[in-house]
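Worksheet: one structure, shown below.
Rule-based calculations on the coordinates, nothing more; no lab input. Quick caveat: nothing in here was measured; it's all calculated off a predicted structure. Please note: Cβ atoms are built from the backbone with ideal geometry, for glycine as well, and neighbour counts cover all protein chains shown.
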């Protein structure tokens, strides 16, 4: 029985977070093991005496498996019996867990710090950038604690902090202290000195206020950062080695105060938010923490007046975390000096705040009228607010409570939806107004991807999604990615009830559920974030709110099925908008997809629809005309099918469905009236066009068109058309684009070499080498004065940074640094130096390539790459090795198809 009890406790500790849950009490454990509570309590206390169980002596008493606790905090605790849960939790806190906001506003900061510390073999240099008092020094110190906890540093390894501002007027002394010096290196150097880099060997060297380092000292760091070796001052012959990790910090903008060559060697730059940018619950936790430490220091309870608390919470205190800490300590000291003790309680009032804060009061928003300063708040009552994951769990729990009420016939389905929306909207308010979200590369990337996903979904399903909605969704997706592991623990505990709710929603709201599934699949594909079932329900409610007021037909289901990337979707979208009612859904199919797969896709779609009486299928051609034979869902309905679908045909049938006409007669009439006729006019005047092309695809070519259009001072008598580069290469002047239009010239990243058609390369525009020729070509569209304005706009818009930023979703500066390194390695290993203009073009090509790899949208080859692989093995290896830095940074691998494009570009340059 005892072993069964111990085993159960171990299993419970592995399933749940260590909290005040009934599963950790003797009563609950005894009931599960079918023994008396007294027997269970006796066995558990015996385990405490043997060092196998930890006890928290509250009411009720809680027990935890010691091995599970030690595994969580990765260390042995000092004792096994604790008087309170706070004491127990404080004992378990390790490294970054001591940082207020480590799971919330500072989560990204902590993750970046961990990444910098753990990267083999000796970590990566990291720069902490933030205002004074934001905790940069503490974070650096916690990095050392974390390194010890995970076994990357020994406890004997040193954490050495240097404030570079102390040496601002004596940079030579700082250099000597950092790198060490030999006896006689300068006047006063009476013996050898190892230097701080050597003392920090195996540990961490923290250089605070690094912007105070002179350029010479920054340059001296390059050799050490690149190879881990350095010269001591006064000894330029011998090399010395150290494996210390480097952590930098600055309050200034790194781009303005540090050498570009130093910044390039710091791969991780982390922005530390100011206290005003962080959530209010973190500021509350910080105030509580500081007061609690002061209370322990003076060994008495502290009470703070309500007005003083409002001043601390509602106003910006200079100096951020450090400033508010100094403010509270000064207030406690002032109160203590005046001996304002009441029943062993130190009372803090507004006038105890330091003068620097009181002098700010007239200029900040504090309402003093009708407010009293005599309402005292005991510090012990200031509990830390719930983290954001708890707020989301609260919303989900409220929804499940309403669902249980629905199951007991306590409310209608509409009331369930309404209550669920209320719970979600409260969390939305928290995301938008309470939680201050710090912009970082991860969030910016998430926002761009979400924006693209919803652009597609909006067009496909006629949804109306505002920019504010996109912002809210992006915040939710990013926030969810930070707390999803904690959410999933709660989800598992309520799995049966959640699955039941999901089934009900799919039955009652099939269309919204299908759209939500598609959104979820796209987010998983592009952001590698998999939503749980409660978040899926949240998406369903969101889609319901975005739905166009167009009403869907209740008894008739219309589906358009066409071969092609978006043929069916385009026809359905146009017809639904024109009719003002949601008549048709669309299924787009690849040209080579099998008939069985199409049939399965249609059946999956029909499963998600509510009961209907008639099904109308509009198909384009071929085997699709027989697709009705494979329908398995709702086989009791009437089915109508018509081929050769186009927008006109779909419009006629959709209009008839709206008017309630007989489907059979409607299809018969439509088939008779839609017999094709033709007329060919050979002498039409062709419009003038400019073609934009990009070897990376039509999508990038469209963005080049946008840049060119932005540079125009006035609309032109002609068009700018994005076109497929590979099509032009294969067809040349035989391509139908030259029959339809008078192509004036082509602009793009690679020359398709169409005979007789001028080509302007992006690289020439960046280098300003071909600007005069572009001026001449544009005189067919613009006046002389307009051409001059156009040329100025081209210089501004077609910079390398702007082109890369426009063509990709990536950070232009960062990706260009990576691309420059790739090209540098390629040139070195190929023993070939690219001309400047061609090199710029390759930069653009590689930047787009990296984005395609990240978004899993690689180029497709028309022919097998086997011959290329057999004949160019050395080139393939060179490219893969040159891309190693990109592979590691973005977790991608360059495929052969992309290597072939790089080969062709270099060969054609």
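So, R0 is 22 Å and r is the distance between the beta-carbons of residue 252 and residue 166; what FRET efficiency does that work out to, to 0.05?
Details: r = 16 Å, r/R0 = 0.75.
For residue 252 and residue 166, the calculated efficiency is 0.85.
Extending 7 Å from Cα along the Cβ direction at residue 31 and again at residue 67 yields two label points whose distance is 2.8 nm.
Between residue 3 and residue 87, what length in nm is gained on full extension when 0.36 nm per residue of separation is reduced by their alpha carbon distance?
This chain segment gains 27.4 nm when fully extended.
Packing-based ranking of 465-472, 705-712 yields 705-712, 465-472, ordered from highest to lowest mean Cβ neighbour count within 10 Å. The ratio of the alpha-carbon radius of gyration of the chain to the globular-protein estimate 2.2 N^0.38 Å is 1.17. Starting from the Cα gyration tensor of region 563-632, take the square roots of the eigenvalues, sort them a ≥ b ≥ c, and report rounded, prolate or oblate (rounded when a/c is under 1.5, otherwise prolate if a/b is larger than b/c, else oblate). The shape class here is oblate.
Of all DSSP beta bridges confined to the chain, the antiparallel ones make up roughly 20%. For region 388-546, the alpha carbon positions stretch 46, 33, 26 Å along the principal axes, listed from largest to smallest. If you line up the long axis of helix 136-149 against the longest principal axis of the chain, both from Cα atoms, how many degrees apart are they, to the nearest 10? Here the helix axis deviates by roughly 90 degrees. Using the alpha-carbon positions of region 184-308, Rg (one decimal) and Dmax (whole number) come out as 21.6, 67 Å.
Based on the Stokes-Einstein relation at 20 °C and a viscosity of 1.002 mPa s, and on the Kirkwood radius from alpha carbon pairs, region 1-69 is assigned a translational diffusion coefficient of 185 µm²/s.
Enter the angle in degrees (range 0 to 90, nearest 10) between the Cα long axis of helix 413-429 and the first principal axis of the Cα atoms of the chain, meaning the one along which they spread out most. Tilt relative to the chain: about 60 degrees. For region 559-673, the relative contact order is 27 percent, taking Cα pairs closer than 8 Å that sit 6 or more residues apart in sequence and dividing their mean separation by the residue count.
At R0 = 41 Å, how high is the FRET efficiency between residue 870 and residue 733 if r is their beta carbon distance? Nearest 0.05 is fine. In this case the efficiency is close to 0.80. For the pair residue 719 and residue 11, a Förster radius of 41 Å applied to the C-beta separation gives a FRET efficiency near 0.05, rounded to the nearest 0.05. Between residue 280 and residue 504, the modelled labels are 3.4 nm apart [label points 7 Å from Cα along Cα→Cβ].
So if each residue of separation counts as 0.36 nm, and I subtract the Cα-Cα distance between residue 574 and residue 310, what length gain in nm does that give? Don't jump to the answer; show the numbers that get you there.
Details: separation 264, 0.36 × 264 = 95.04 nm, distance 5.62 nm.
Full extension from residue 574 to residue 310 adds 89.4 nm.
In the chain, the longest principal axis of the Cα atoms and the axis of helix 2-15 are about 60 degrees apart. Placing a pseudo-label 7 Å from each Cα along the Cα-to-Cβ vector at residue 444 and residue 241 gives an inter-label distance of 3.8 nm.
Please compute the length gained on full extension between residue 831 and residue 415, using 0.36 nm multiplied by the number of residues separating them and subtracting their Cα-Cα distance. Could the numbers behind the result be given before it?
On the way: separation 416, 0.36 × 416 = 149.76 nm, distance 7.19 nm.
Contour length minus Cα-Cα distance gives 142.6 nm.
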